[in-house]
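Input: a single structure, listed below in structure tokens.
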Amino acid sequence: MSAVWEKRRAYWAQRADHEPAMRAALLSEAAGIARHVGGREPLEAFNPDAWMDEIAFLRRPEQAAIQLDLAYDYQSNVAAYPTWQAYLREHRPPVLVTWGKHDPIFTLDGAHAIASEEPGAELHVLEAGHFALEDHGAAIAALIDDFLVRRTPMCVRDAVPAERENTAD
């Protein structure tokens, strides 16, 4: 987990003391850029609507409070990591991991950790930030489709009505 989590852990430990800093970081343009761009250069190569739309949404009445509650509750996810890891080791389900190489929140070490729990896991590191679907939605959809066709007992394509098989996005 990246350095972002140090601030979140402090927030989890003393919510009231750290809430103003969390709120400021959540709503800042710099944090929005970091989530979407992840330090990739040049910044001008990216559409600022991505982060500005997100920030505008987060600044709507009550949204910041909702996001702060979600950030606070995320500690329950972190506490569940060992359970999820044990499940992967014990049950060995097919695992596909797609990851933004420049994600400022979840580092590549996290991607490799997930993939290492299942020796047959497939890891695809993409030239993306936190919102990899934003940059590579079609590529990720193709990876998912290919993965399901190859790795699941019942091919997903078999469940798709013939009239939908060849439709464009």
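Protein heavy-atom surface of the chain, 1.4 angstrom probe: 57% of the accessible area is carbon and sulfur, with nucleic acids and ligands not counted. Put a plus charge on the Cβ of each Lys and Arg, a minus charge on the Cβ of each Asp and Glu, and nothing anywhere else: the dipole of the chain about its Cα centre is then about 500 debye. Note on the chain: Cα convex hull, mean projected area over all directions, 12.2 nm².
Shape summary: the range 1-84 maps onto an equivalent ellipsoid whose semi-axes, from the alpha-carbon gyration tensor, are 24, 17, 12 Å in decreasing order. Remark: spin-label model distance GLN85-PHE57 equals 3.1 nm, labels positioned 7 Å along the Cα→Cβ axis. Given a Förster distance of 22 angstrom, what is the FRET efficiency for ASP49 paired with TRP5, based on the Cβ-Cβ distance and rounded to 0.05? My answer for the efficiency is 0.20. Farthest towards the positive end of the charge dipole of the range 1-76, among the residues ALA30, PRO42, PRO20, is the Cα of PRO20, using unit charges on the Cβ of Lys, Arg, Asp and Glu. Principal axis extents of the C-alpha atoms in the range 60-158 (largest first, rounded to whole Å): 45, 32, 27. A 1.4 Å probe run over the chain, with the rest of the protein chains in place, finds 62 Å² accessible per residue.
Computed extension gain for GLU29 through ALA16, at 0.36 nm per residue and net of the alpha carbon distance, reaches 2.4 nm. Sites counted here are GluC sites (Glu not before Pro) in a DSSP loop (not H, G, I, E or B) having no more than 14 other Cβ atoms within 10 Å; the longest part of the chain that contains none of them is 63-126.
The spacing between the range 71-142 and the range 24-63, judged by their C-alpha centroids, is 22 Å.
The values are calculated or read from the model by the stated rules, or taken from the named source; none is laboratory data. Keep in mind that this is a model prediction, so the values were computed, not measured. Glycine gets a Cβ as well: all are built from the backbone with ideal geometry, and neighbour counts include every protein chain shown. Protein only, heavy atoms only, side chains kept; ligands, DNA and RNA dropped before computing areas. Shrake-Rupley method; radii C 1.70, N 1.55, O 1.52, S 1.80 Å.
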